[in-house]
Amino acid sequence: MPKIPTQTVTRFAPSPSGYLHLGHAHSALFAWRAARAARGRFLLRIEDIDNPRSDPVFIDAILEDLRWLGLDWDGPVRHQSGQLAAYAAALEGLRKLDLLYPCFCSRAEIRAEIAASGRAPHGPSGAVYPSTCRTLSEDVRAAHLAEGKPYGLRLDIAKALASTGPLTWIDRDKGKIQAEPLAHGDVVLARKDIATSYHLAVTLDDADQGVTLVTRGEDLFPMTDIHRLLQALLGLPVPQWHHHGLLSDEHGERLAKRNDALSIRALRRDGKSAAEVRAMAGFPD
Ligand code: GLU
């Protein structure tokens with residue numbers, strides 16, 4: 001039987017914690033062009049699980065700025081805040097596999113533990129968690145739980161990888177990549193405050209929405225190690241990835257760090273046309 005070609009599905013997934021700026025425009029146009037060039041679908045997802053930082057005002061502004069830039073998207077906009085039940089179900093699956101443990105540590109306690117150990121291994125997502133809560137005795141764990149001490153859930157990375165075996169993934173730019181999830185340490189899959197995390201939510205939503213090509217900035221390249229592992233653990237389809245370069249200014253400073261003068265709003269106010277802003281974002285017509 002001839003194989004039915006899979007339609008390309010890409011997405012842009014901004015976090016509504018500020019106005020879109022040129023770096024976002026680059027990312028959005030990159031995903032949109034990839035979909036349209038392949039006669040595929042382009043989805044928009046609002047990653048609004050980070051309650052303290054997400055603001056509905058920014059959601060409206062993001063949609064408006066994208067439309068102004070000339071982008072259109074297929075189907076309804078997904079909001080991660082509406083997917084909490086799916087995240088909880090996946091966590092339950094991982095809990096049944098005995099791959100999660102509650103972590104009661106505060107950031108300050110983690111810092112103190114690292115300082116006391118005299119070692120500060122750094123992974124792609126920052127200081128590697130010293131696994132303090134993985135080895136808590138059952139009694140101590142039970143006491144913390146009984147006391148109502150707040151906790152997040154961490155993935156036992158070594159155990160998880162042992163259960164899947166070595167994993168690879170395909171980056172359209174860099175080719176076949178060996179996933180190195182161990183370097184990250186035991187990542188948080190459910191934060192104390194939101195019962196999910198970037199890693200879990202992004203992986204589940206990309207699978208659920210049928211995304212076949214994940215495009216995003218190269219700053220997120222190392223995170224794919226974790227997402228690939230989660231896909232294997234949860235039996236999810238494996239997309240391809242294309243991590244794009246980040247825009248920088250004439251001093252070589254990354255634009256993604258600067259939200260002010262280069263926000264799409266400010267450029268609009270300054271009288272720039274959509275075509276000019278698209279060109280500034282690296283996509284001249
Ligand atoms: N929401 C993330 C961000 O704005 C993007 C996540 C992703 O593309 O994987 O940085």
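Structure values in brief
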{"read-out": "Residue in the stretch 231-248 that is nearest to residue 207 (Cα to Cα), counting only those that are without any contact (Cβ under 8 Å) to a residue 40 or more places away in the chain and not aliphatic (A, V, I, L, M)", "value": "237"}
{"read-out": "Among (1) on the phi < 0 side of the Ramachandran plot; (2) away from the ligand (no atom under 16 Å from the Cβ), the one test that residue 70 misses", "value": "(1)"}
{"read-out": "Conditions (1) modelled with pLDDT of 95 or more; (2) crowded, with 18+ Cβ neighbours inside 10 Å; (3) within 24 Å of residue 112 (Cβ to Cβ); (4) within 22 Å of the chain's Cα centre (by Cα); number of the one not met by residue 158", "value": "(2)"}
{"read-out": "Single unsatisfied condition, residue 40 versus (1) more than 13 Å from the ligand (Cβ to nearest atom); (2) small (Gly, Ala, Ser); (3) closer than 30 Å to residue 161 by Cβ", "value": "(3)"}
{"read-out": "Residue 281 vs. criteria closer than 18 Å to residue 13 by Cα, away from the ligand (no atom under 15 Å from the Cβ) and either among the hydroxyl-bearing types (Ser, Thr, Tyr) or crowded, with 21+ Cβ neighbours inside 10 Å (or both)", "value": "yes"}
{"read-out": "Residue within the stretch 118-132 that is within 21 Å of residue 190 (Cα to Cα) and in a helix (DSSP H, G or I) present", "value": "yes"}
{"read-out": "Residue in the stretch 258-269 that is more than 24 Å from residue 164 (Cβ to Cβ), away from the ligand (no atom under 16 Å from the Cβ) and among the small types (Gly, Ala, Ser) present", "value": "yes"}
{"read-out": "Matching residues, the stretch 221-242, being within 10 Å of the ligand (Cβ to nearest atom) and in contact with a helix residue (DSSP H, G or I) (Cβ under 9 Å, 6 or more places away or on another chain)", "value": "223, 227, 241"}
{"read-out": "Hits in the stretch 17-53 - residues which are farther than 21 Å from residue 81 by Cα, among the aromatic types (Phe, Trp, Tyr) and surrounded by fewer than 23 Cβ atoms within 10 Å (Cβ to Cβ)", "value": "30"}
{"read-out": "Only listed residue being farther than 25 Å from residue 80 by Cβ, touching a residue at least 40 places away in the same chain (Cβ under 8 Å) and not in a loop (DSSP other than H, G, I, E, B), chosen from 228, 268, 216", "value": "268"}
{"read-out": "In the stretch 76-113, the residues that are within 25 Å of residue 138 (Cβ to Cβ), assigned to a loop (DSSP other than H, G, I, E, B) and not small (Gly, Ala, Ser)", "value": "97, 98, 99, 104, 105"}
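The values are calculated or read from the model by the stated rules, or taken from the named source; none is laboratory data. Quick caveat: nothing in here was measured; it's all calculated off a predicted structure. Every residue, glycine as well, gets a Cβ built from its backbone with ideal geometry; the counts of neighbours run over all protein chains shown.
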